[in-house]
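A short worksheet on the structure shown next.
Read-outs: derived from the displayed coordinates by stated rules, not from any lab. In this text, all values refer to a predicted model and were calculated from it rather than measured experimentally. Methodologically, a virtual Cβ is constructed for each residue, glycine included, from the backbone with ideal geometry; neighbour enumeration extends over all protein chains shown.
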Amino acid sequence: MRFRILQKSLVAMGFAAMLAPMHAQAPARPEFEVAAIKLNTGGQPMVSIMAPPGGGRLTTVNTGLKMLITFAYKVKNYEILGSQGWMDSERYDVTAKAPDGAKGQDQLQLMTQTLLEDRFKLKVHRETKEVPVYVLVAGKNGPKLTESKEGVCTSNGPGNAPPPPPGPPGAGQLPRRPDMRCGGMFMGPNSLTGGRMKMEQFITGLSNILGRPVIDKTGFTGTFDVQLTFSPEGTAFAGGLPGLPAGLAPPVDNSLPSIFTAVQEQLGLKVESGKGPGQVLVIDYAEKPSEN
């Protein structure tokens with residue numbers, strides 16, 4: 001009897017031992033096949049992250065850790081808490097090749113997370129907390145948004161005819177910009193220009209300028225052209241364009257109206273302060289990477 005009980009116990013223990021590694025085994029994290037990170041000491045103004053939608057390779061030039069985090073974790077600058085000065089000032093060139101068969105930018109971003117955690121010892125976590133926000137509402141006399149005009153921008157998708165060549169704008173119209181995609185925008189320290197934009201697209205640009213989430217309460221559902229001019233004072237562009245080393249930003253005109261006045265006078269909209277729940281990415285730890 002004792003032999004049978006012992007035999008059953010050993011069988012059960014063996015079965016449990018076989019199951020344990022199966023449950024403990026975590027899925028392999030996506031990572032680059034080969035990657036190199038080099039400190040950029042050239043001082044050039046160009047800053048870029050090149051990650052083709054089809055995947056396969058990541059190439060960055062003159063990028064700080066904070067900018068790499070915005071790409072890897074799909075967050076904006078103002079959604080990152082706990083950063084230190086060197087995460088902007090120290091610049092790196094990154095070249096990384098994905099394994100054969102890895103497709104899509106989502107995979108590249110996951111691989112970049114692995115790279116940052118391995119080489120920068122980056123540790124982060126996400127939190128939802130009440131954060132300062134802006135609320136965009138219609139002004140007292142209603143929106144003054146310019147109806148979209150043909151030829152201001154180039155439609156996305158194959159087979160679309162190119163717009164007419166650039167020319168002077170008509171009354172209340174934008175200059176024609178063949179290099180501008182409809183729904184896209186150009187931003188500088190003094191301006192935001194976009195063609196055939198939806199409100200959600202304009203909100204994205206305005207959030208980047210203000211350095212704070214913007215909630216749309218305008219009720220506007222159409223498309224419009226916009227050319228907003230403003231002073232960078234009080235915006236995220238006050239210290240230069242994000243991503244450019246100090247002193248390399250283009251000259252600015254501080255005599256223009258504030259972004260809040262410009263939105264009200266030029267677009268018939270109003271920006272109000274508020275608070276709301278928002279998800280942030282908190283940097284718990286990071287260090288400068290070791291040499292390759």
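Compare the peptides 266-273, 111-118 by average per-residue count of other Cβ atoms within 10 angstrom and give them in order, highest first.
111-118, 266-273
If you plug each phi of segment 32-39 into the Karplus form 6.51 cos²θ - 1.76 cosθ + 1.60 with θ = phi - 60°, what whole-Hz ³J(HN,Hα) values come out, in order, with x for Gly and Pro?
With coefficients 6.51, -1.76 and 1.60, one gets 5, 5, 8, 8, 9, 10, 10, 5 Hz.
For segment 83-160 and segment 184-239, what is the centre-to-centre distance using only Cα atoms, to the nearest Å?
Each part reduced to its Cα centre gives a spacing of 15 Å.
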